1. Can you tell me the orientation of helix 82-94 relative to the chain, as the angle in degrees between its alpha-carbon axis and the longest Cα principal axis, to the nearest 10?
2. How much of the DSSP bridge set in the chain is antiparallel, in percent, rounded to the nearest 5?
3. Which loop-located GluC sites (Glu not before Pro) does region 1-84 contain, where loop means any DSSP state but H, G, I, E or B and the Cβ has at most 13 other Cβ atoms within 10 Å?
4. Calculate the tail of P(r) for region 4-94: the fraction of all Cα-Cα distances greater than 21 Å, expressed in %.
5. With axes computed from alpha carbons, what is the tilt in degrees of helix 9-27 against the longest principal axis of the chain, rounded to the nearest 10 within 0 to 90?
6. How far apart, in nanometres, would the label points at Ala59 and Met18 be if each is projected 7 angstrom from Cα along the Cα-to-Cβ direction?
7. Over the chain, calculate the relative contact order: mean separation of alpha carbon pairs under 8 Å at least 6 apart, over the residue count, as a percent.
8. Under the 0.36 nm per residue contour assumption, what length would be gained going from the current alpha-carbon distance of Lys30 and Val90 to full extension?
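Just so it is clear, none of the values below were taken in a lab; they were calculated from the coordinates. All values derive from a computational prediction rather than experimental measurement. Heads up, the Cβs are rebuilt from the backbone with ideal geometry, glycines too, and the neighbour counts pull from every protein chain shown.
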Amino acid sequence: MGEVIYSAKPLWAVLVSMVAAFLILLTGDKARNLREGWTILAALIKFGLVFSLIEPVLAGKTIEYTLINLLPGVALQFRVDALGLLFGVVAATLW
């Protein structure tokens, strides 16, 4: 396993979708253009976050963010390796 980089970018990539879903729900049917604007803005932000992870992962590094340590050796953690990044890139381009 290569070098580990500690970064909150994986967490932000997940939170962008959650925040966008909440904003879209709040907007509802009142303003269709605003609702579509939230979707496009979230997609662009997620796209940028995911694509900013490509260079270090291609260099053989792993990106990690530990949200909380539940018990010794048990943590809620986001980890991006090559396969995870492939999934993230596909998901970001489809959204």
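1. 10
2. 70
3. Glu3
4. 40
5. Rounded to the nearest ten degrees, it is 20.
6. That separation, rounded to one decimal, is 2.9 nm.
7. The value is 35 percent.
8. So the extension gain works out to 18.5 nm.
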